[in-house]
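Colleague: The following block contains the structure, expressed as structure tokens.
The values are calculated or read from the model by the stated rules, or taken from the named source; none is laboratory data. Owing to the predicted nature of the structure, the values given are computational and were not obtained by experimental measurement. Cβ atoms come from the backbone with ideal geometry, glycine included; neighbour counts cover every protein chain shown.
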Amino acid sequence: MNLGILAGLTAMACYGVGSVLQALAARRTTTAQGLDPRLLARLVTQVPYVAGLALDLLGFVFNVLALQSLPLFLVQCMIAGSVGVTALVSVPLLHAQLGRRGLLDVVVLLVGLTLLATSAEAGPARELAPPQQWLLLASALAVGAASVLAFRLRERSAFWVLSALAGLAFAGVGVAARALLLPSDLWRVALSPIAWALAVFGILGMLLFASALQRGSVTVASGLMFAVEVLVASIVGFVLLGDIVPSGSSLGVAVVGVGLAVAGAIRLADQGHPHAA
């Protein structure tokens, strides 16, 4: 098996289990009324959240490894597949109801990921020009500004908006990780706008996802987040990073794979109610 695909699948499993553990902790913690960094301080006192965060960090490492050789659309779809892992693990840990339809959606999602894995072509990312690097950092700050406004919405609306913004933030993480080129002198990474964008997007993603989990279903939040993440990151990968688009029959397989993977994730998310246990 391609090492990039193996890394992506490992990241998928880590993110899926980590989301459920974070949901357990988020529901035991006072709900944040704004973009409050103290929420993370409260959450890190909870063992499930620390364990979930550790899995997320491990998943991030494997995610970056996968992005070094695989196009964004494939890696992001694999990461979106973690909503299937989340749905399965939620049954014993969160007492969620999956049912036959849920199991079928998990199968659809996995079939889509399998098709994608057989159609994707490996290759390095195109280097971003300096203005594009600064634009990436500016977009991270824009997501932060939108997040401040999202907390002013009513709780149900805030749940959906926060989940979508978390998807934008993690799409930014994927783009930055794919575009980041490590120099021979590693200390120079600290001078890169891409590295700063990666850090800002990552912190925002964790805060927004934790805030969404306090307001609704982990499966719904994960499904919406990953749907936004996949679509946005894939478009940016094609337009700016030179991700290779399959040709001939592989293109058809890739299109079907993306459709099935995203549909499976969205259908899994659609089963939950924002205020379900």
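Colleague: Can you tell me which residue in the stretch 89-107 is farthest from the chain's Cα centre (by Cα), limited to those that are crowded, with 18+ Cβ neighbours inside 10 Å and modelled with pLDDT of 75 or more?
Modeller: GLY102
Colleague: Do you know which of the residues in the stretch 243-261 that are part of a helix (DSSP H, G or I) and surrounded by 21 or more Cβ atoms within 10 Å (Cβ to Cβ) is modelled with the highest pLDDT?
Modeller: LEU260
Colleague: Something else about it: Taking the stretch 88-99, which residues are of a type in the set (Gly, Ala, Ser) and assigned to a helix (DSSP H, G or I)?
Modeller: Those that are of a type in the set (Gly, Ala, Ser) and assigned to a helix (DSSP H, G or I): SER90, GLY99.
Colleague: From the residues in the stretch 224-236 that are of a type outside the set (S, T, N, Q) and out of contact with any Gly (no Cβ under 8 Å at 6 or more places or on another chain), which one is modelled with the highest pLDDT?
Modeller: The residue in question is VAL236.
Colleague: So which residues in the stretch 216-242 are assigned to a loop (DSSP other than H, G, I, E, B) and buried (at least 24 other Cβ atoms within 10 Å of the Cβ), if there are any at all?
Modeller: SER217
Colleague: On to the next question. Could you tell me which numbered condition ALA195 fails, if it satisfies all but one of (1) small (Gly, Ala, Ser); (2) under 17 Å from the mean Cα position of the chain (by Cα); (3) modelled with pLDDT of 85 or more?
Modeller: Of everything listed in (1) small (Gly, Ala, Ser); (2) under 17 Å from the mean Cα position of the chain (by Cα); (3) modelled with pLDDT of 85 or more, ALA195 misses just condition (2).
Colleague: Looking at the stretch 204-215, can you tell me whether even one residue there is polar (S, T, N, Q), touching a helix residue (DSSP H, G or I) at 6+ places or on another chain (Cβ under 7 Å), at pLDDT 80 or above and part of a helix (DSSP H, G or I)?
Modeller: yes
Colleague: Condition check: in a helix (DSSP H, G or I), over 22 Å from PHE238 (Cβ atoms) and at pLDDT 90 or above. Does VAL143 satisfy that?
Modeller: So VAL143 fails the test.
Colleague: Take residues that are at pLDDT 85 or above and tell me which of the helices (runs of 4 or more DSSP H) falling wholly in the stretch 1-87 contain 2 or more.
Modeller: Per the criteria, 3-26, 47-67.
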